[in-house]
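Please read the structure below before turning to the comments.
No lab work stands behind these numbers, since they all come straight from the coordinates. The model shown is predicted, which means the values in this text are computed figures rather than measured ones. Cβ placement follows ideal geometry from the backbone for every residue including glycine, while neighbour counts extend to all protein chains displayed.
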Amino acid sequence: MNSEKLKEFGLSTASIRNRTTVGVLIAIILLAGISSYITVPKESFPEVTVPEVYIGTAYPGNSPSDIEKLITRPIEKELKSITGIDVILSTSQQGYSAIDVKFDFSVTPEIALRKVKDKVDVAMSDPSFPDDLPSDPNVFDLNFTELIPVMQVNLSGDYPVDQLEDYAEELQDRIEDLDQINEAEIRGVNKKEMEVEVDYLRAEAMLVSFNDIAQAIGQENVSISGGDILMDGRRRTVQVVGDFRDAAELEAIIVKAEGGNPVYLRDVATVQFVDQEATSFAREWGNPVVSLDVRKRAGENLIIASDEINRIIAEAKAEFLPADLNVSITSDQSDQTRTQVDELQNSIILGVLLVVGVLLFFLGLRNALFVGVAIPLSMFLSFAILNALGITFNVMVLFALVLALGMLVDNGIVVVENIYRLMDEGMSPFDAARYGVGEVAWPIIASTATTLAAFLPLAIWPGIIGEFMQYLPFTLIIVLSSSLFVALVINPMLTSVYMRVEEAEMNVRRLFITTGILIVLGLLLLGAGFNTLGNLLVLGGVVGLINRYALTPATAWFQNRLLPALENVYERVLRFALSGAKPWLFFYGMIGLLFGS
């Protein structure tokens, strides 16, 4: 063959000439990929950052119309001057104003929050804005990732709700100490409050108004600093504690004094300690339940968070939780994430086996492994890139990885098969790798580019749906680009060194010794608890025997008998189809060629 007419691809030729460098690169990809796969945060849903800001303002005792006139409209008036706002939604209800400001996705959440806070401050500085609000407007951005609980920890049993709450508070403190957890909210517990039920007729008879009662309670229930005093050489702080500790103290306050006759609160009202209005309920087979809604911190690993929470619960059961207290976990999103990660692992392993198994009959086991190695190397390189870009493993990323698994071997198959063809025609491994890649480099680059171009519109999809869907095209672009890199850089180097046209005859004695060592080591590792490595060693030993006594003879029969027969049939059909015969005779001729002699 005249090699001068064949083309080279510069990047592949450089990788063939610098084998040591490519070998080091393979080691770096393996280490970085495995490390990234272990450490990359895993969660159920993508982290969608929505530029949306919520403004909540409490103004008790005012009607919805007053709330709209005094609070909602002045704030909206200032907000309208902000650029980048998509829509403003407001609700004015009894004693409360709620304003939801949605921005275009061209505005970052941080900038949106800062702009809204500035305009709220401008609205509050207006003289017409109420100056007797119980608290300033609450302005915060809506982070949906941290609003949705990732799991619920439920405590139930034959215990009072107050005691269940004590147990839940202890668990709450321990869970919130985790770096991965943002908040653990207790639900199913009704808070206590002091209820003052005024006898209107008695209060009217004693000339006591509701304002008198409210002012007296507010002024008495206060702790006041009394300055400091020097005692025994030390300066100590003096404080007058006025907080109410029980209903009797509240009943004993004086609400009004006319003509030297004090009117106590107990004279005009009844004070009792009652439950607040119920806002949440939790029940389990008739027993009261106290639940903890656990919310994960954005960007943290969901699986690690779930493992840490289970560890805390196990320690709590051993330390202070009663044995008959039922602690259960529901709505655990980590279960779905674990399943998806396990399915990805199984798909990668199954993909390698299927690719190697199919190519085994065409190229032999050794040469088929060159294509099979493209799957884990491309995946590990993709894991490292995804981790460097700060992309977490979520449902969209995992789906894209599984989807790309069937496409990433195409480039490797084309490259390895073309190199194998040139070697079969008598070319040296070095030249076959150089010119074999040069023949197909630009076609597979163009093929990969057309595949990626089909997913580019998803990457620029606007709105919240686009923010959710963009992980799919980004992941596919990264994985397929990684497979192209492996096909053009790593596969040529490996084939130039290790590819053989004819499989070498196996030494049966060495094969059995090696197989026995692998199986024994694998069983020892399985007994020690290293299941993954142990299974791989046992599988490697068994596959060696299967390859010697089953796969190698099957490959020889396929290449030497079945494949030539199929090629002959295809050639006869093709010759007949191009011979100029009438179209209606084609089907009869094809049947005769297939089943005739």
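Values for this structure:
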| quantity | calculated |
| --- | --- |
| Chain lengthening between D126 and M194 when straightened (0.36 nm per residue, less Cα-Cα) | 20.9 nm |
| Charge dipole (the chain, unit charges on Cβ, about Cα centre) - positive-most of L408, S156, F45 | L408 |
| Rg(Cα)/(2.2 N^0.38 Å) for the range 51-169, N = residue count | 1.36 |
| Karplus-derived 3J(HN,Hα), 6.51/-1.76/1.60, for each residue of the range 127-140, Hz, glycine and proline x | x, 7, 6, x, 10, 10, 5, x, 7, 5, x, 8, 10, 8 |
| Efficiency of FRET from Cβ geometry, V569 and L31, R₀ 51 Å, rounded to 0.05 | 0.55 |
| Per-residue ³J(HN,Hα) for the range 182-189, Karplus 6.51 cos²θ - 1.76 cosθ + 1.60, θ = phi - 60°, Hz, x for Gly and Pro | 8, 7, 10, 8, 7, 10, x, 10 |
| In Hz, Karplus ³J(HN,Hα) per residue of the range 563-577 (6.51, -1.76, 1.60; θ = phi - 60°; x = Gly, Pro) | 5, x, 5, 5, 5, 5, 5, 5, 5, 5, 5, 5, 4, 5, 5 |
| Cα-projected label distance for V501 with A214, points at 7 Å along beta-carbon direction, nm | 9.9 nm |
| Given charges at Cβ of Lys, Arg, Asp, Glu: the chain dipole, positive-most of A433, S328, T515 | A433 |
| Label-point gap, in nm, between D335 and Y549 - each point 7 angstrom along Cα→Cβ | 4.5 nm |
| Modelled label reach - N287, point 7 Å along Cα→Cβ, the range 154-184 residues with backbone N closer than 11 Å | 155-160 |
| Contour excess over end-to-end distance, with Cα ends at I88 and V241 and 0.36 nm allotted per residue | 50.5 nm |
| Among [x] 73, 62, 45; [y] 63, 56, 51; [z] 127, 64, 60, the entry that matches Cα extents along the principal axes in Å as calculated here | [z] |
| For the chain: relative contact order, % (alpha-carbon pairs under 8 angstrom, 6 or more apart) | 18 percent |
| Virtual spin-label span in nm between L6 and I254, 7 Å along Cα→Cβ | 11.0 nm |
